[in-house]
Amino acid sequence: MNDKINPSTSTEALSMKPSTPSQETKRTATPAHMPLAIWTLGFVSLLMDISSEMIHSLLPVFLVTALGTSVFVVGLIEGVSEATALIVKVFSGALSDYWGRRKPIAVLGYGLGALSKPLFALASSAGLVLVARLIDRIGKGIRGAPRDALVADIAPLELRGAAFGLRQSLDTVGAFLGPLFALGLMLLWANDFRAVFWVAIIPGFLSVAMLLFGVQEPEKKQGAHPVNPIRRENLRRLSRAYWWVVVIGALFTLARFSEAFLVLRALQGGLPIALVPLVLIAMNVVYALSAYPFGKLSDSVNHTGLLTLGLATLIGADVVLAYSNHWIWVWLGITLWGLHMGIAQGLLARMVADTAPAALRGTAYGFFNLVSGIAMLIASVLAGLLWDRFGASQTFIAGAVFSGLALMTILFRGRISALWR
């Protein structure tokens, strides 16, 4: 496979059109079928998300009601932890490229995620919650880029968008099953946060076992020598098209702060504490149902249109959440938020794979997430400050403004690309 980006490929990527099978050697015969390893990776993500979301769906309320922290501290914990996860991906992705192995690094990351879960149950202060959250997100950061690169390595090119959409969809099934289990256990055990956190340990360790024994990565090329992927000459192989995708990802992240604020908005509207997990259940049901169809759609349509649709949907979510905390508006906003995630997340992962050389995919995902991590930190801390000082409505209005600026940037860039063609 030739990892260099030729001029025709670069031009097409800049115009954000899906790549075609002729641009890269196919790994399977036509018609291609989704490899079993992609399904397994999806179920690995599903189990870990059940474990994580059983905790995360309750964590903002646990911090505010049980530990007495402010919304600003909630935003700070969310921003720092999520940013840490995204920044760590730089190093794990580069290491997977240098080593030529993805799976062992992913196993380490999933293992750290599983080991962090008991700390949430033991936490008696916001400080220990932050420590647990950081360990959990470091694990996520370690596994993220190698896992995404592994998906790109395994999936046939003509099914790449569908593969990312499928993995994301299964991941998101776990993201709504986790809050659903949390909801049932909170009702059963009279709002006992810590008991729910202890149960969350089980699916986390099952996820690690499934990855360890159920996924075999492609053989490393014979005679390939380790090369430092972040040397200047290698980084120059990352095209202008790739760096534009990095900018787009940062704009999306800056416009979309942590889902913890959706939970707090619903709580503000009178949702009982035991029913708080319904927020993430609803969001992730929409996310799961839309991720695969839109991922598959990205294999055949212009990407600019899908990016525009994703941001327009996010603007709609912010506007209705800013308008009122009445349950009708809150649930409409949550639904639109989930739809936005389904449209955008798999698409951006596919765009990174399309614009980066195969030998640098781990590094490419790492840098993509480094920039997004910085944007996530800024967005979540700013959202917490706005909420404490000016109220929830101003937080979501700010999100709509950032989304609008991102939309204008993408549309303007699309017009310039059209002129270049």
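The values are calculated or read from the model by the stated rules, or taken from the named source; none is laboratory data. Just so you know, these numbers come straight off a predicted model, no measurement behind them. Neighbour counts are summed over all protein chains in view; Cβ atoms, including those assigned to glycine, are modelled from backbone coordinates with ideal geometry. To get the accessible areas, we keep the full protein, side chains included, count just its heavy atoms, and leave off ligands, DNA and RNA. Shrake-Rupley method; radii C 1.70, N 1.55, O 1.52, S 1.80 Å.
When ASP299 is tested against (1) in a helix (DSSP H, G or I); (2) crowded, with 16+ Cβ neighbours inside 10 Å, exactly one condition is not met: (1). The residues of the range 317-336 that are in a helix (DSSP H, G or I) and polar (S, T, N, Q) amount to a single one, THR335. Scanning the range 88-122 for residues that are open to solvent by 10 Å² or more (accessible area, probe 1.4 Å) and within 30 Å of ALA66 (Cα to Cα) returns GLY111, LEU112, LEU115, PRO118, LEU119, LEU122.
Specify which of the listed residues (LEU108, LEU63, LEU95) is in a helix (DSSP H, G or I) and either under 21 Å from LEU377 (Cβ atoms) or free of Cβ contacts under 8 Å to residues at least 24 places away in the same chain (or both). Write out each step before concluding.
Values: LEU108 fails: either under 21 Å from LEU377 (Cβ atoms) or free of Cβ contacts under 8 Å to residues at least 24 places away in the same chain (or both); LEU95 fails: either under 21 Å from LEU377 (Cβ atoms) or free of Cβ contacts under 8 Å to residues at least 24 places away in the same chain (or both).
Going through LEU108, LEU63, LEU95 in turn, just one is in a helix (DSSP H, G or I) and either under 21 Å from LEU377 (Cβ atoms) or free of Cβ contacts under 8 Å to residues at least 24 places away in the same chain (or both): LEU63.
Of everything listed in (1) at pLDDT below 90; (2) under 30 Å from LEU278 (Cβ atoms); (3) surrounded by fewer than 19 Cβ atoms within 10 Å (Cβ to Cβ), the single unmet condition for SER169 is (3).
Considering only residues in the range 352-374 that are open to solvent by less than 10 Å² (accessible area, probe 1.4 Å) and under 18 Å from GLU259 (Cβ atoms), the one that is modelled with the highest pLDDT turns out to be SER372.
Would you say GLY141 is part of a helix (DSSP H, G or I) and surrounded by 24 or more Cβ atoms within 10 Å (Cβ to Cβ)? Write out each step before concluding.
Details: part of a helix (DSSP H, G or I): yes; surrounded by 24 or more Cβ atoms within 10 Å (Cβ to Cβ): yes.
When the stated conditions are applied, GLY141 passes them.
Please indicate, with yes or no, whether at least one residue in the range 333-349 is more than 19 Å from LEU309 (Cα to Cα) and at pLDDT 80 or above. No, there is no match, as no residue in the range 333-349 is more than 19 Å from LEU309 (Cα to Cα) and at pLDDT 80 or above. Looking at the range 194-207, can you tell me whether even one residue there is modelled with pLDDT under 85, closer than 19 Å to LYS140 by Cα and of a type in the set (Phe, Trp, Tyr)? Among the residues of the range 194-207, not one is modelled with pLDDT under 85, closer than 19 Å to LYS140 by Cα and of a type in the set (Phe, Trp, Tyr), which makes the answer no. Among the listed residues LEU306, LEU348, LEU314, LEU339, which satisfies the condition of being closer than 19 Å to THR172 by Cβ, aliphatic (A, V, I, L, M), in a helix (DSSP H, G or I) and in contact with a His (Cβ under 8 Å, 6 or more places away or on another chain)? Just a single option satisfies the conditions, and that option is LEU314. Cβ-Cβ contacts under 8 Å between residues 6 or more apart (or on different chains), taken from a first residue in the range 392-405 that is in a helix (DSSP H, G or I) to a second residue that is basic (Lys, Arg) and modelled with pLDDT under 90, are listed as ALA392/ARG265; PHE396/ARG265; GLY399/ARG256; SER403/ARG256. Per the listing ALA344, ALA353, ALA364, ALA312, the residue uniquely over 30 Å from LEU95 (Cβ atoms), touching a helix residue (DSSP H, G or I) at 6+ places or on another chain (Cβ under 9 Å) and touching a residue at least 40 places away in the same chain (Cβ under 8 Å) is ALA312. Of the residues making up the range 344-376, those that are under 12 Å from the mean Cα position of the chain (by Cα) and within 14 Å of PHE252 (Cβ to Cβ) are ALA344, GLN345, GLY346, LEU347, LEU348, ALA349, PHE368, ASN369, SER372, GLY373, MET376. Looking at the range 383-414, which of its residues are modelled with pLDDT of 85 or more, open to solvent by 10 Å² or more (accessible area, probe 1.4 Å) and either polar (S, T, N, Q) or within 13 Å of LEU254 (Cβ to Cβ) (or both)? SER393, GLN394, ALA398, ALA400, VAL401, PHE402, GLY404, LEU405, LEU407 - these are the residues of the range 383-414 that are modelled with pLDDT of 85 or more, open to solvent by 10 Å² or more (accessible area, probe 1.4 Å) and either polar (S, T, N, Q) or within 13 Å of LEU254 (Cβ to Cβ) (or both).
In the range 188-204, what residues are of a type in the set (Val, Ile, Thr) and surrounded by fewer than 23 Cβ atoms within 10 Å (Cβ to Cβ)? So that I can check it myself, show each step before the final result.
Within the range 188-204, the first condition is being of a type in the set (Val, Ile, Thr), and the residues that meet it are 196, 199, 201-202.
Result: VAL199, ILE201, ILE202.
Within the range 264-277, the presence of at least one residue that is in contact with a Phe, Trp or Tyr (Cβ under 7 Å, 6 or more places away or on another chain), of a type outside the set (Val, Ile, Thr), outside any helix (DSSP H, G or I) and modelled with pLDDT of 80 or more is confirmed.
Can you report the number of residues in the range 123-136 which are open to solvent by 10 Å² or more (accessible area, probe 1.4 Å), part of a helix (DSSP H, G or I) and touching a residue at least 24 places away in the same chain (Cβ under 8 Å)?
So the first thing to find is which residues in the range 123-136 are open to solvent by 10 Å² or more (accessible area, probe 1.4 Å), and the list is 124-128, 130-131, 134-135.
Subset that is part of a helix (DSSP H, G or I): 126-128, 130-131, 134-135.
Then keep just the ones that are touching a residue at least 24 places away in the same chain (Cβ under 8 Å); that gives 126, 130, 134.
Residues that pass the stated criteria total 3.
Scanning the range 315-340 for residues that are closer than 17 Å to LEU407 by Cβ, touching a residue at least 24 places away in the same chain (Cβ under 8 Å) and of a type outside the set (A, V, I, L, M) yields ASP318, TRP337, HIS340. Scanning the range 168-216 for residues that are among the polar types (S, T, N, Q), under 30 Å from SER124 (Cα atoms) and under 21 Å from the mean Cα position of the chain (by Cα) turns up THR172, SER207.
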